1. Looking only at the range 130-147, count how many residues are open to solvent by 30 Å² or more (accessible area, probe 1.4 Å) and modelled with pLDDT of 95 or more.
2. Go through (1) among the aliphatic types (A, V, I, L, M); (2) part of a helix (DSSP H, G or I); (3) touching a strand residue (DSSP E or B) at 6+ places or on another chain (Cβ under 7 Å) for Ile19 and report which single condition fails.
3. List the helices (runs of 4 or more DSSP H) that sit entirely inside the range 239-304 and contain at least 1 residues that are surrounded by 16 or more Cβ atoms within 10 Å (Cβ to Cβ) and out of contact with any helix residue (DSSP H, G or I) (no Cβ under 9 Å at 6 or more places or on another chain).
4. Using beta carbons and a limit of 8 Å, which pairs, at least six apart or on different chains, have the first residue in the range 60-83 and assigned to a strand (DSSP E or B) and the second one of a type in the set (Ser, Thr, Tyr)?
5. With the structure loaded, tell me whether Asp204 is modelled with pLDDT under 95 and charged (D, E, K, R) or whether it fails that test.
6. I'd like the full set of residues that are in contact (Cβ under 8 Å) with a residue 60 or more places away in the chain and buried (at least 24 other Cβ atoms within 10 Å of the Cβ), limited to the range 95-105.
7. Go through the range 118-167 and give me each residue that's of a type in the set (Asp, Glu), in contact (Cβ under 8 Å) with a residue 12 or more places away in the chain and over 22 Å from His22 (Cα atoms).
8. Would you please name the residue that is surrounded by the most Cβ atoms within 10 Å (Cβ to Cβ), looking only at residues in the range 45-59 that are over 15 Å from Leu84 (Cβ atoms), among the aliphatic types (A, V, I, L, M) and touching a residue at least 60 places away in the same chain (Cβ under 8 Å)?
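The values are calculated or read from the model by the stated rules, or taken from the named source; none is laboratory data. Just so you know, these numbers come straight off a predicted model, no measurement behind them. Here the Cβ positions follow ideal geometry from the backbone for every residue, glycine too, while neighbour counts run over all protein chains shown. Only protein heavy atoms, including side chains, enter the accessible area calculation; ligands, DNA and RNA are left aside. Shrake-Rupley method; radii C 1.70, N 1.55, O 1.52, S 1.80 Å.
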Amino acid sequence: MKQLFTTLGPMTSDQLGMILPHEHVFVDLRTPDQPGYGVAAEADVVALMAPQIEAIKAQGITALVECSTGGVALRVDLDLAVSLATNFPIVVPTGNYREPWIPKWVGEASQDALEAWMYSELTEGIGDTGVKAAWIKVSAGDDGITPLETRILRAAARAAKRCNAVIGSHTIKGRVVMDQLDIIEAEGYTANRFISIHTQAEPDFEMHKAVAARGAWIEYDNIGWVPDEETMPLILRALEAGLGGQLLLSHDMGWFDPAKPGGGEPKPYTHLVASVLPKLRAAGVDEATIAQLTQTNPFAAFAR
């Protein structure tokens, strides 16, 4: 039986309902070489972010996927603290972001060493947190994947293949996603264990269809950042094109930012349930499809 690895341990589909597949609890978008990078007090993070979690719990959300990865200050200890304070499961990744957000040691590591590191975090846990990574988060440059990003992706594919983990990538252009899928398949893994994060940023809808035709998940994750009048037609178009079985919906919101006083002002994770789902229902989308988009698909994508 497939399980979703979370901060509260592995969970099965019957233990979960709606899942938000792309959010952030803690992010530092300064590069890893900057003073103060990734530094914050646990109590401050919990104080700022626990109310955001409580708000989505009240909406019926049962889990959230943390999409901060190596290079943008993945802090699993802080995710765990927020999770324990709210009794709410958070799903965390291993992996690393794109250049220039690559720590020195990752840039110098061999492909074999990167594979071993990611596989260990997927199967044994991250540091001393006791939390296993559920998935691998990577990225590629907007104009094409660099040699270093390629090395990270090849290592990710090899590590993921050993335990059926999904790989998600912040990749803006569809043609670069297609290159990534070629790399993953060349390593003997499969496109259907890949999430094209920020698919909505690719203006050519035919490319959304092409990525999905390869077997990959597509993700519209700017809900609440843009007007619903922009979000709704895209979701409905994807459903009409038969892509509902591979579509993920989320906000890409949050978060505690240690570069800002007090962590800044987080953007809530509530817009999908509060605004978009009622509009989808009003547009004639049935409850089975709503459940597929908000429950079945996120679990299937991230569980292993």
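1. Here the count works out to 5.
2. (2)
3. 297-302
4. Matching pairs, first to second residue: Ile61/Tyr269; Ala63/Thr6; Leu64/Tyr269; Val65/Ser250; Gly70/Thr94; Gly70/Tyr97.
5. The answer is no for Asp204.
6. Gly95, Tyr97
7. Asp143
8. Filtering first and then ranking leaves Ile56.
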